[in-house]
Amino acid sequence: MSGSAAVERAPSGAERVLAPIVLGVVVVAVWQLLAGSGLVEAYLLPSPAAIGDEIVAFAPSMLSAGALTGLNALIGLIVGSLVGIALALAASAARLVDGMLAPVVAALAVVPIVALAPVLNTAFGADAQTGRQLIAALAAFVPVFINTARGLRQTLPVHRDLMRACAATPGQAMRVITLRTAAPFTFTGIRLASSLAVISALVAEYFGGPRGGLGGLISTSAASSAYPRAWAYVVAAIILGLAFYLVALGLERLVSRRR
Amino acid sequence: MNTVITAPAGAIAAVTVTGVDKVFATRKGEVTALSGIDLHVAPGEFVSLIGPSGCGKSTLLRLIADLDAPTTGTVEVFGTSAHQARLDQRYGIAFQQAGLLPWRTVAGNIALPLELHGMGVAERAARVAELVALVGLGDFASTYPDQLSGGMQQRVAIARALAEKPALLLMDEPFGALDEMTREYMQSELLRIAAETGAAVVFVTHSIPEAVYLSDRVVVMSPRPGRIAGIVTMNLGRTADRADDLREDGAFFEMITAVREALHGSPVSRARGVETR
Ligand SMILES: Nc1ncnc2c1ncn2[C@@H]1O[C@H](COP(=O)(O)OP(=O)(O)O)[C@@H](O)[C@H]1O
Ligand SMILES: [Mg+2]
């Protein structure tokens, strides 16, 4: 495998980790030089150093804001995924249900979920997180439903024959073959849903409701012209989204290893 | 053709197929896959089904396994309906694609039928160890299927089929995807396993030498609609006593010729040198 080395060698683990880090350092360095040179106005592009200072200064607030937004996103992701899985199972069990759900999901998939934010925020009251969690759940629901529904159709005929030859009960066949075959697809859906849930929970905060989340703090910081601080909260939001994504990716890899 | 079965008198046949037709309703109309099939397989007997592709070999095997139902006629397995025999787990089956669960180890795959039927953990582990040894995969119990060669995967599938100690083994071209050398090795292994377990085997193949080497009798089928064109008894001694040197034996080649003639029709056309398809 390591034979024809120079021609088509897969990048090693170290290279795969190092390359983006090197690129990141270069980008930050150029950015710092650009911001320090006076060529670009500070409110347009605060320097990395200035943003870094704000991150240090507001670390406790960032942590609590990240926890608040993260919890909303997590609740939304879990609820949306569970509903998505349950409805996909119902759709695969009954063609009628499938026919009823398909247009609803198609509609949900094209409506920008955050467009519902003002409506839901008002509906659940100004001091509740429920509207935001619901928005995150709606966003998470779509990819989980679509991927799970697809996964439930992937069962191999030879596996179905095997279950019948073994006189397995429908419940056993479901557990041993159908669900296990669908699992990697479901987790792909959850991976896609993880980022959507964070983005939705975050953006939903722009439309009022209780303060204290990352989205709310980004918008108040920007409104009071505290640009480096706004960017610092943006960095925190990126880290939060990345954390969700990486955990979901890890789960997906774990389930998809053998398929 | 000689169809006398050397079964102990009064023993219940492993398989009895009587007057079976199978018609599939497809979008393009009806396809008659099998027509007027009568077949008996004695306990412990090794019977191969051979014929060109599309002649209904798999369909016949699936009827015996109760994976499909005949349109007319009856299929009995050990004196009960094929349906009851399946519920009672009287047979084990191996498919052309091994059909292993990729997320389970070798041991996990072999344990599957035992698990489904509620065998206890300790008893199951003991039986799996026995089966892993039987198919010669002792060192691979905790390996995943994607790390095994095609021949090894088929051996796992055979072990899984034997898990419940069935007296009937159904196999649909299990060695079809293997290279010639692995294939011959697997044939010898299969005869050893069949002798050790005493199981009757119904074996689908489209290889004449394979059918001859393995079988007590070879059932020759012809297509459109699938019928039994002839049944050739292999006068090659007990299957349990056969070894690789049989493949170079004159009697072996005679049997190959006999099966080929049954497949292609009359021996006359062959004598005249007429090309038969
Ligand atoms: N499920 C099915 N639906 C429709 N036609 C089928 C089905 N299974 C088999 N057939 C048809 O029945 C005939 C016999 O098929 P098969 O038993 O698979 O042949 P073989 O195994 O000998 O190659 C073929 O013409 C095939 O197209
Ligand atoms: Mg076939």
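Look at (1) open to solvent by less than 40 Å² (accessible area, probe 1.4 Å); (2) closer than 19 Å to A:S81 by Cβ; (3) out of contact with any Gly (no Cβ under 7 Å at 6 or more places or on another chain) and you find that A:Y245 fails only one, number (1). The set of residues from the stretch A:98-115 being modelled with pLDDT of 80 or more, out of contact with any Leu (no Cβ under 7 Å at 6 or more places or on another chain) and surrounded by 15 or more Cβ atoms within 10 Å (Cβ to Cβ) comprises A:D98, A:V105. Can you tell me which residue within the stretch A:140-186, out of those that are facing another protein chain (nearest Cβ under 7 Å) and charged (D, E, K, R), is farthest from A:Y245 (Cα to Cα)? Filtering first and then ranking leaves A:R164. All of (1) farther than 23 Å from B:A240 by Cα; (2) more than 10 Å from every other protein chain (Cβ to nearest Cβ); (3) buried (at least 19 other Cβ atoms within 10 Å of the Cβ); (4) more than 16 Å from ligand 2 (Cβ to nearest atom) hold for B:T26 with one exception: (3).
Listed here are the residues, each with its yes/no results for (1) within 16 Å of ligand 2 (Cβ to nearest atom); (2) within 14 Å of another protein chain (Cβ to nearest Cβ); (3) open to solvent by 10 Å² or more (accessible area, probe 1.4 Å).
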site	(1), (2), (3)
B:V15	no, no, no
B:K22	yes, no, yes
B:V31	yes, no, yes
B:G54	yes, no, yes
B:R62	yes, yes, yes
B:E76	no, no, yes
B:N109	no, yes, no
B:G118	no, yes, yes
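Flag not set for A:S194, criterion: touching a residue at least 60 places away in the same chain (Cβ under 8 Å), touching a Lys or Arg at 6+ places or on another chain (Cβ under 9 Å) and under 23 Å from A:R258 (Cβ atoms). Of the helices (runs of 4 or more DSSP H) entirely within the stretch B:157-266, those holding at least 3 residues that are more than 16 Å from ligand 1 (Cβ to nearest atom), farther than 28 Å from B:L134 by Cβ and not aliphatic (A, V, I, L, M) occupy B:250-264.
Restricting the search to the stretch B:87-100, which residues are at the interface with chain A (Cβ under 7 Å from one of its Cβ atoms), away from ligand 2 (no atom under 16 Å from the Cβ) and not polar (S, T, N, Q)? If the condition is that a residue be at the interface with chain A (Cβ under 7 Å from one of its Cβ atoms), away from ligand 2 (no atom under 16 Å from the Cβ) and not polar (S, T, N, Q), then B:L87 is the only one that fits. Would you mind stating whether B:D38 is away from ligand 1 (no atom under 14 Å from the Cβ), open to solvent by 10 Å² or more (accessible area, probe 1.4 Å) and either within 14 Å of another protein chain (Cβ to nearest Cβ) or of a type outside the set (G, A, S) (or both)? The answer is yes for B:D38.
Within the set A:L87, A:L82, the sole residue that is open to solvent by 40 Å² or more (accessible area, probe 1.4 Å), over 23 Å from A:G241 (Cα atoms) and assigned to a helix (DSSP H, G or I) turns out to be A:L87. Taken together, the criteria place B:Y213 among residues that are at pLDDT 90 or above and of a type in the set (F, W, Y). Filtered by the rule that a residue be touching a strand residue (DSSP E or B) at 6+ places or on another chain (Cβ under 9 Å) and open to solvent by 30 Å² or more (accessible area, probe 1.4 Å), the stretch B:143-175 gives B:E164, B:K165, B:A167. Only one of the numbered conditions (1) touching a residue at least 40 places away in the same chain (Cβ under 8 Å); (2) within 13 Å of chain A (Cβ to nearest Cβ); (3) open to solvent by 50 Å² or more (accessible area, probe 1.4 Å) is violated by B:Q84, and that is (1).
Would you confirm, using the coordinates I've provided, whether A:A168 is open to solvent by 40 Å² or more (accessible area, probe 1.4 Å) and either assigned to a loop (DSSP other than H, G, I, E, B) or among the aromatic types (F, W, Y) (or both)?
no
Take the residues of the stretch A:171-193 that are open to solvent by less than 50 Å² (accessible area, probe 1.4 Å) and more than 17 Å from A:A93 (Cα to Cα): which is nearest to the chain's Cα centre (by Cα)? Taking the candidates together, the pick is A:A193. With respect to the conditions (1) over 27 Å from A:A237 (Cα atoms); (2) modelled with pLDDT of 80 or more, A:L68 falls short on a single one, namely (1). Residues in the stretch B:176-211 that are away from every other protein chain (no Cβ under 14 Å), open to solvent by 10 Å² or more (accessible area, probe 1.4 Å) and within 14 Å of ligand 2 (Cβ to nearest atom): B:H206, B:S207.
The residues of the stretch B:64-74 that are within 16 Å of ligand 2 (Cβ to nearest atom) and either buried (at least 22 other Cβ atoms within 10 Å of the Cβ) or not in a loop (DSSP other than H, G, I, E, B) (or both), listed by number, are B:I64, B:A65. Residue under question is B:V47, and the condition is that it be open to solvent by 10 Å² or more (accessible area, probe 1.4 Å), more than 13 Å from every other protein chain (Cβ to nearest Cβ), within 16 Å of ligand 1 (Cβ to nearest atom) and closer than 20 Å to B:R217 by Cβ; does it hold? No. Within the option set B:L214, B:L134, being over 29 Å from A:S256 (Cβ atoms), buried (at least 23 other Cβ atoms within 10 Å of the Cβ) and not small (G, A, S) holds for one residue only, B:L214.
The values are calculated or read from the model by the stated rules, or taken from the named source; none is laboratory data. These figures come from a predicted structure and were not determined experimentally. A quick note on method: Cβ atoms are made from the backbone with ideal geometry, for glycine too, and the neighbour counts reach across all protein chains shown. Surface areas here come from the heavy atoms of the whole protein model, side chains and all, with no ligands, DNA or RNA. Shrake-Rupley method; radii C 1.70, N 1.55, O 1.52, S 1.80 Å.
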